[in-house]
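Okay, so here's the structure we're looking at.
The values are calculated or read from the model by the stated rules, or taken from the named source; none is laboratory data. Every value quoted in this text rests on a predicted model; they were computed, and no experiment measured them. Here the Cβ is made from the backbone with ideal geometry for all residues, glycine too, and neighbour counts use every protein chain on show.
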Amino acid sequence: MEEAQADKHEHKKELGRLRDEFVDPETLKGLYIEPYLQDRNPADVMQEDLLAAARQPAFERINEFFQGSLPLEKDGRHQMFILSDAGMGKTSLLLMIKLMHLTSFWPPGHNCALLKLGDDTLERVQALPNKGETVLLLDALDEDPQAWKRIRDRLLDLLRASEDFRRVIVSSRTQFFPEMESDRLGRPEIKVLSGYHCPVLYLAPFTDVQVQEFIHRKLSLNWYHYLRFQAGQIKKDREKAVCLLEHMQDLRMRPMLLQHIDKLLVAECRQDWNAYTVYEALVAEWLDREVRKLREQHDQQRVPERKELFHACLRIAEQMERGGGDRRIISEESLQQLIQADENIAWLEKFELGGRSLLNRNSDRAFRFSHYTIQEFLLAWGLVNKQLVDKEPLRATDQLVRFIDLADGIAEYFDQIILPEAFDPIAYVRRYKASWPVPLQIQHRLRNGDTGPEMVLLPGGRFRMGDIQGDGDKDEQPMHEVELDSVVIGRYPVTFAEYDIFCEIAERRKPDDEGWGRGQRPVINISWQDATAYCVWLTRETGLTYRLPTEAEWEYACRAGSEFSWCFGDDEKHLGEHAWYTENSGKKTYPVGTKKPNAWGLHDMHGNVWEWCGDWYGEKYYADCQRQGTVKTPPGPVKGEGRVIRGGSWHDTPQYVRCSLRDRYFPGDLIKGIGFRVVFSPAAGS
């Protein structure tokens, strides 16, 4: 009897700890929908390829992982990582596994420990008994202060500290996690952790069926609602929720936002939503509700307005972020210090906490927001609206970057944020189909260990394409407006050194260098088909879809935001600083990068060698574009007289190396004045 009482006491104590560190387990259990796990990042999987992503019910897949004993070889195969975007349910999944341990669903003799990653994790892990029969769950690597700017070292520490446990699961946001690659046997491994073969799975977005099931649970309709004449309103609320979610795109697939869908029922159904506006509406509705309650309870006092309470929450969010230690909570002592500076913060202590509230309090009376994304939204709002107290740069998460980008564009805020070590702009652009606002240098490694072409991520945008000055050739008219997505383009034309690697591996004939030398000189005497074959090979080597630039992409990259004859201006006397052409070349090519780059850091866009583009040449193509108004990502004509070349070469006059000058050759032609540079589209995935 005493043993049963002790077990019951420990059970209750553990539930209280989970409630303090995570969320209320009882509330979670009533609403939980089992997600799917898949072996590929959802951001890299097109809708029609979902079946190829090997989806499996989460508990079924995890149960398979739990089977078997502790492996003798400690190479990470018993230590799994589960990744997803913010608000997709990583913490909830681990918490449900822990709840199974606290019930009869867990096999006897085995233990389960769930910890939030933080400064004291290694000590807590070391202190756990019976490691060989314990499943260890470690939550939120992306929120771990010990992982900031030292992700590789932290991962090694965690893997070594947990290697004696029966099984280990670590959760993290995908964007925070290091890049994956294949080892020599084709097995996936974490790029910075060579030798470890930890399984990595991704939480799949909810399906439409799961979304519907969640709505029916959240807005439940029971027999007693009919007796109270509430059934009609609940049915209307369900219809309104479905309508709202239809306009939220992929946001509707996030369990965290579905959890609060009832708060958005007062919003306009047809509004176009994004993550920033959804969170703005969530926080506004929550604070409006709290203000109404406070006025009912304190009708003799002045209750702060919603705006004042919003700023009180912002102060708390900033203190959490900058206070050191656990960035998710603010202690009672720190809270009282803030109240002395802003008396409105004291009203937060009178809020109805728990349940539907976005602000909660643990048993130590420390405040925390119901989800970290609430804190990130408040910080983004404060940064964009210049309402942060401390002017030091913020440590940015991927979600904070996204909130800022949606609110005001990210370009003006790079000096006010510090990006994490693992932040990947290419993954960001691909995940959100967004544009990256500043040029950024990128270089990928080939399978043999060599490096591929040096690339630059360019911002998307609009530009005027064609002969702006009015003194060009007929086929440069009419000028027309083009809108392009972000694109990643070679900093230089492809060199002989880079192309020769391709020839050796693919056993192709190396092109003639005309006796001028190879190495870092731009490759010449290659046809359009040769250039395309190089792109196909580079795609296989890197997993990214390389291709030749479209004519529009090429001119956009060449102009680099300018509208002059040349990227630097209209004064021909400065051309020699930027280009090898007839007056300074001595009738030969030169190593790439020996002349000044344009404003986006791209070299040799004028002269040295012409560059193949992917488009067919169409003399009247520009007129067709102009009739469409602003042309979005034009692919070029469907057929033509030859393939477009751009940029001019070593043997051309200034007129022929202008930004807008067009020419063409047949795809099979080998010309000693033509080379190429490559691009890939970050939004297209691998």
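General remarks:
- Subset of the stretch 478-515 (residues that are more than 17 Å from Phe676 (Cα to Cα), assigned by TED's automatic domain parsing to the domain that holds Glu454 and under 35 Å from the mean Cα position of the chain (by Cα)): His480, Glu481, Val482, Glu483, Leu484, Asp485, Ser486
- Residue count for the stretch 565-608, restricted to those that are closer than 23 Å to Gly470 by Cβ and without any contact (Cβ under 8 Å) to a residue 12 or more places away in the chain: 4
- Test: residue in the stretch 479-489 that is at pLDDT below 95 and more than 30 Å from Lys620 (Cβ to Cβ): yes
- Test: residue in the stretch 265-286 that is modelled with pLDDT of 85 or more, more than 27 Å from the chain's Cα centre (by Cα) and crowded, with 16+ Cβ neighbours inside 10 Å: yes
- Every residue from the stretch 586-601 that is within 16 Å of Cys567 (Cα to Cα) and among the charged types (D, E, K, R): Lys595, Lys596
- Some residue of the stretch 520-540 being assigned to a loop (DSSP other than H, G, I, E, B) and within 32 Å of the chain's Cα centre (by Cα): no
- Residue count, the stretch 655-670 (criterion: over 18 Å from Tyr621 (Cα atoms) and surrounded by 19 or more Cβ atoms within 10 Å (Cβ to Cβ)): 2
- Residue within the stretch 69-81 that is among the small types (Gly, Ala, Ser), under 18 Å from Val23 (Cβ atoms) and surrounded by 15 or more Cβ atoms within 10 Å (Cβ to Cβ) present: no
- Within the stretch 412-465, the set of residues being outside any strand (DSSP E or B) and of a type in the set (Gly, Ala, Ser) comprises Ala422, Ala427, Ala434, Ser435, Gly449, Gly452, Gly460.
- Selected residue (only one of Pro549, Pro511 is touching a strand residue (DSSP E or B) at 6+ places or on another chain (Cβ under 8 Å) and outside any strand (DSSP E or B)): Pro549
- Those helices (runs of 4 or more DSSP H) of the stretch 311-411 in which 3 or more residues are within 27 Å of Arg17 (Cα to Cα) and free of Cβ contacts under 8 Å to residues at least 12 places away in the same chain occupy 332-341.
- Checked against (1) aliphatic (A, V, I, L, M); (2) modelled with pLDDT under 90; (3) assigned to a helix (DSSP H, G or I), Leu94 passes all but a single condition, namely (2).
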